[in-house]
Amino acid sequence: MDLRIAIILGSTRPGRRGDQIASWVLDTARNHGGAAYELIDLADYHLGNLDEGGNPNHQKYEHAHTKKWSQVIRSFDGYVFVVPEYNHSYPGALKNALDYVYREWNDKAAGIVSYGGWAAGVRAAEALRLVLAELQVATVRFQPAVLTHPTFASGAFVPTEALTASVREMLRQVLRWSGAMRTLRVEA
């Protein structure tokens with residue numbers, strides 16, 4: 001069975017630029033091959049503030065939106081997070097989505113494509129790595145970072161060849177690690 005990798009758009013903010021970046025990452029991934037890729041836009045899931053009463057480690061979900069989110073996250077072997085930097089970290093909507101479930105994230109691999117102003121979202125990516133580690137998600141080393149000033153100069157996202165190459169390298173790592181992590185999940 002082919003690996004399944006989710007490209008998770010980590011912002012729900014109106015007017016966000018991440019949708020263009022996430023679509024480009026998805027196209028780059030599909031051209032790269034090696035897995036079935038799907039774009040997951042958090043804005044489509046309407047999770048709202050975490051409203052489950054129990055510990056997500058027990059997977060006793062009360063609400064339909066949580067059960068749906070659980071099924072979606074469980075169905076993937078790995079992830080690529082497309083994450084902006086808001087106030088030196090990543091968006092609350094992404095933290096909320098991560099916190100809704102727990103075991104569904106475990107023993108999987110992830111890459112991070114960050115974007116933002118002067119720091120290109122790098123601080124958000126580093127903050128995200130800490131939370132992913134607690135969720136038992138192994139993050140790969142290669143971390144493409146999009147400096148939004150020059151890449152959106154025309155109003156639309158225009159990736160450079162170097163940025164495309166870095167996304168391909170990240171994908172190569174995510175695929176290798178996702179395949180290896182699948183073995184761990186099967187053994188468990």
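Check whether at least one residue in the stretch 67-74 is more than 22 Å from T12 (Cα to Cα) and hydrophobic (A, V, I, L, M, F, W, C), and report yes or no.
no
Under 8 Å between Cβ atoms, which residue pairs at least 6 apart in sequence (or on different chains) link something in the stretch 35-55 that is within 16 Å of K67 (Cα to Cα) with a partner that is among the charged types (D, E, K, R)?
The qualifying pairs are Y45/K68; L50/D99; E52/E62; G53/E62; G54/K60; G54/E62.
Filter the stretch 141-181 down to the residues that are among the charged types (D, E, K, R) and touching a His at 6+ places or on another chain (Cβ under 9 Å), then identify the one that is nearest to D19 (Cα to Cα).
R168
Yes/no per residue for (1) in contact with a helix residue (DSSP H, G or I) (Cβ under 7 Å, 6 or more places away or on another chain); (2) farther than 23 Å from A35 by Cα:
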{"position": "A120", "(1), (2)": "no, yes"}
{"position": "A145", "(1), (2)": "yes, no"}
{"position": "T148", "(1), (2)": "no, yes"}
{"position": "S166", "(1), (2)": "no, no"}
{"position": "L171", "(1), (2)": "yes, no"}
{"position": "G179", "(1), (2)": "no, no"}
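List every residue pair whose Cβ atoms lie under 8 Å apart, where the two residues are 6 or more positions apart in sequence or sit on different chains, the first residue falls within the stretch 168-188 and is under 14 Å from N31 (Cβ atoms), and the second residue, located anywhere, is in a helix (DSSP H, G or I) and of a type in the set (A, V, I, L, M, F, W, C).
L171/A29
Evaluate the following for V83: is it buried (at least 23 other Cβ atoms within 10 Å of the Cβ) and within 12 Å of the chain's Cα centre (by Cα)?
yes
With respect to Y100, is the statement that it is over 14 Å from the mean Cα position of the chain (by Cα), at negative phi and either surrounded by fewer than 18 Cβ atoms within 10 Å (Cβ to Cβ) or touching a residue at least 40 places away in the same chain (Cβ under 8 Å) (or both) true?
yes
Quick check on this structure: which one of G15, G78 is under 18 Å from A125 (Cβ atoms) and small (G, A, S)?
G78
Applying the selection to the stretch 142-159, what residues are among the small types (G, A, S) and either in a loop (DSSP other than H, G, I, E, B) or more than 25 Å from R172 (Cβ to Cβ) (or both)?
A153, S154, G155, A156 - these are the residues of the stretch 142-159 that are among the small types (G, A, S) and either in a loop (DSSP other than H, G, I, E, B) or more than 25 Å from R172 (Cβ to Cβ) (or both).
What helices (runs of 4 or more DSSP H), lying completely within the stretch 1-109, carry at least 2 residues that are closer than 17 Å to V131 by Cβ?
Passing ranges, in order: 64-74, 92-100.
FYI, it's all coordinate maths here, none of it is from the lab. Nothing here was measured: the structure is a model prediction, and the numbers come from that model. Note that each Cβ is placed from the backbone with ideal geometry, even for glycine, and that neighbours are counted across all protein chains shown.
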